[in-house]
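Report on one structure; see the data block that follows.
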């Protein structure tokens, strides 16, 4: 299932995309946004794969919004102005829908995201299985990760936290350089021991033994760094630290 949002300052355009998404079995509507700012706030709370975004919007237009994204998403631009098409494709958009567009045109663009999401899911599943087998065959105190064209053994206890970077994960390790590996945070979450690591944000997993203090919105680590505590993860986090 491909999770998607639509962004458009025109209510009629949003209703049309909503109806198209709801007609498509492989798509799941996460939310509708009237502005880029509203969409940014939603992306902080929700897991999203595909974004339908209008180009002509007040305050921040669709092109500026896509340039501001720090994570990787499938992008389909929607607009009534063809002159923006080239700039849209320079931002690696999957497709460009000219308003008004039919359901058939919508499906042609959506199918690109659906097919790519399925392919990426299969690749991640295969990589996860390989990593799991390698980890089980090595000392259980270590996890094996592929980075810089080689497989590295990382001591689990030395991992301070993990950070999502689109299709990659950054492992922040005590006393060693950060390792970046082609892996989804969700797969790392299932690989690491659940009694030691906890997902605290859509983009972060933390080593529970490295937490020095916390507030309602931040977790402070024993190395002086801090990471955000996501709204959707607070209940589980506080439950873990109940006396």
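Every read-out reported here was derived from the displayed coordinates using simple, explicitly stated rules and does not represent laboratory data. Since the model is a prediction, treat every value here as computed from it, not as a measurement. In this analysis, Cβ positions are derived from the backbone assuming ideal geometry, glycine residues included, and neighbour counts consider all displayed protein chains.
Taking Cα atoms only, the orientation of helix 36-45 departs from the longest principal axis of the chain by about 30 degrees. Assuming R0 = 22 Å, what is the FRET efficiency of residue 231 and residue 178, from their Cβ-Cβ distance, to the nearest 0.05? That pair, residue 231 with residue 178, gives E of 0.25.
Report the semi-axes of the equivalent ellipsoid for the chain in whole Å, largest first, where each axis is √(5λ) for an eigenvalue λ of the Cα gyration tensor.
Taking √(5λ) for each Cα gyration eigenvalue gives 37, 21, 16 Å.
On alpha carbon coordinates alone, what is the Rg over Rh value for the range 138-240, Rh being the Kirkwood radius? Write down the numbers at each step before the final one.
Numbers: Rg = 13.1 Å, Rh = 13.9 Å.
Radius of gyration over Kirkwood radius for the range 138-240 works out to 0.95.
Available extension along the chain between residue 213 and residue 168 is 13.4 nm, counting 0.36 nm per residue and deducting the alpha carbon span.
Extension gain residue 153-residue 103, at 0.36 nm per residue separation less the Cα-Cα distance, in nm?
Details: separation 50, 0.36 × 50 = 18.00 nm, distance 4.91 nm.
Using 0.36 nm per residue and subtracting the Cα-Cα distance, I get 13.1 nm.
For the chain, the longest principal axis of the C-alpha atoms and the axis of helix 103-137 are separated by about 10°.
Of the DSSP beta bridges with both residues in the chain, give the percent that are antiparallel, rounding to the nearest 5. Present the calculation step by step, with values, prior to reporting the outcome.
Working: 29 of 48 bridges.
Just about 60 percent of them are antiparallel.
With the alpha-carbon atoms of the range 2-121 aligned to their principal axes, the span from lowest to highest coordinate is 34, 30, 27 Å, starting with the largest.
Placing a label point 7 Å from the Cα of residue 91 along the Cα-to-Cβ direction, the residues of the range 17-42 whose backbone N falls under 18 Å of that point are 32-42.
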